Amino acid sequence: MIINQSNEHFIITVDDGVAHLQLSRPEKANSLALAFWKLFPETIDQLSRSGEVRVMVISAQGRVFCGGLDLQIFASSKDVDTANPHEREAMQFSLLQMQEAITVLERARFPVIAAVQGACLGAGFDLITACDFCFASDDAKFRIEETNIGMMADLGILQRLQHLIPGGMARYLALTGDTLSAAQAHDLGLVVKIFSSTETLLDGALTTARRIADRPPVAINGIKRAMLYSRDHGVYESLQQTALLQASIFSRQDILNSIQAKATGTASEFQNLSKVGKAFDVP
C-alpha cells in the first residue's frame, strides 16, 4: 500500500506499512481549522480500516508543531454560539465530534508516534496526548493554552494528561497555563526521547516506526488495546480483559517466525490486519 495525498491541512504518505501524517499549514502555525476536524478522523479511520497500516508518525512542517485551534473558528462558526438552549445543545454535539476526532487516534488499530518540534499548544497538546508516545526536539514546548484565553480545555487534555504525568503537575499546568519545556516533559515522562534538531527528530520517529512495523501487527494491536483498557480500568478487570484478548489473537506462527528471524538475523514476514468495512456497508 503506497499513498501520497494532501489537502490544505495535512499531507499523508504511506509506504511499507508506515504512515506519515504532516500538519501542513506552517504559515498559520499549523493551527487546526474547522475542516481539519472532519478530514482528520476520516483519514485515520480509512487507514485503520485498511489493515495495511502498521504504525503512524504525526509531525508538522515549519518551526511550530501546532499553535492550537484556529481562532477564526470562534469568529466564524455558529457552533460556538450559546445564547439559548438549542445553541448550547448544538455546541455540546459539536464538541463531542471534535473530541472523537482526537480519540480516533486511540481507536486506530495501529500505534501512533508524535514527533513534536517547537510549540505544541492547545488542541495540538490534546492531539499528542492521544498518541501512544511522543518524541520531541530540544526546542519543543507544551502548553494548555485554553487557560490563557479564558476558557476550560475541552478536547481531552484534562482527562489524558494526568495519566501521562503526575496528577499534581497536570493540574498545575491546566490551572496556570504555564509552559512545559522539552527537558521538563522528558523528566515527567511525557516525552520519551529528545532530539537535537527537527531532522534528527523525524528520522528517529520514522526509524522507530519501521521497527514497530516489522513486528506482528496482530500482537502490536493487542498491546495497544490492552494498555489503553488498563488505563481506564482496575488491575483485576484489566487482567481478565488481557486473558480474553490474548486467547483471541495468539498466533503460534507469528511467534515461530519471530524466533527464527532473530536466530538467523533475517526479516520476518507477517500478515497484515484484515480489511474492515463500516457497519451496514453494502458489498
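Using only alpha carbons, region 109-149 has a radius of gyration to Kirkwood radius ratio (Rg to Rh) of 1.01.
For the chain, complete DSSP H runs whose alpha carbons reach 20 Å or more along their own long axis and whose mean Kyte-Doolittle score is 0.0 or higher are 198-213, 235-249. With all protein chains in place and a 1.4 Å probe, the accessible surface of the chain carries 55 percent carbon and sulfur. Between D81 and D138, the FRET efficiency from the beta-carbon distance, with R0 = 30 Å, is close to 0.10. Projected onto their three principal axes, the Cα atoms of region 140-283 cover extents of 54, 40, 39 Å, largest first. Start at zero, step by 10 Å, and the Cα-Cα distances of region 122-220 spread as 15, 44, 29, 11, 1 percent across the bins.
Counting 0.36 nm for each residue step from D154 to E27 and taking away their Cα separation leaves a gain of 43.2 nm. Here, P(r) means the percent of Cα pairs in each 5 Å bin from 0 to the largest distance; for region 216-283 it is 3, 14, 18, 16, 16, 15, 11, 5, 2, 0. Take the Cβ atoms of Q72 and R107, set R0 to 30 Å, and the FRET efficiency comes out at 0.60. Here E199 and A35 are evaluated by their C-beta separation; at R0 = 45 Å the FRET efficiency comes out at 0.95.
Along region 149-155 the Karplus relation, 6.51 cos²θ - 1.76 cosθ + 1.60 evaluated at θ = phi - 60°, assigns HN-Hα couplings of 10, x, 9, 8, 4, 9, 10 Hz to successive residues, with x for each Gly and Pro.
Highest mobility in the GNM of the chain, judged by mean-square fluctuation with C-alpha springs under 10 Å and restricted to K38, K193, K141, is found for K38.
Grouping the Cα pair distances of region 1-123 into 10 Å bins from zero gives a pair-distance distribution of 13, 41, 31, 12, 2, 0 percent in increasing distance order.
Computed over the chain, the range of Cα coordinates on each principal axis works out to 62, 49, 43 Å, biggest value leading.
The values are calculated or read from the model by the stated rules, or taken from the named source; none is laboratory data. Just so it is clear, the structure is predicted and the values come from calculations on it, not from any experiment. Neighbour counts run over all protein chains shown; Cβ positions are idealised from the backbone, glycine included. Each accessible area value is taken on the protein alone, full model and side chains, heavy atoms only, with ligands, DNA and RNA left out. Shrake-Rupley method; radii C 1.70, N 1.55, O 1.52, S 1.80 Å.
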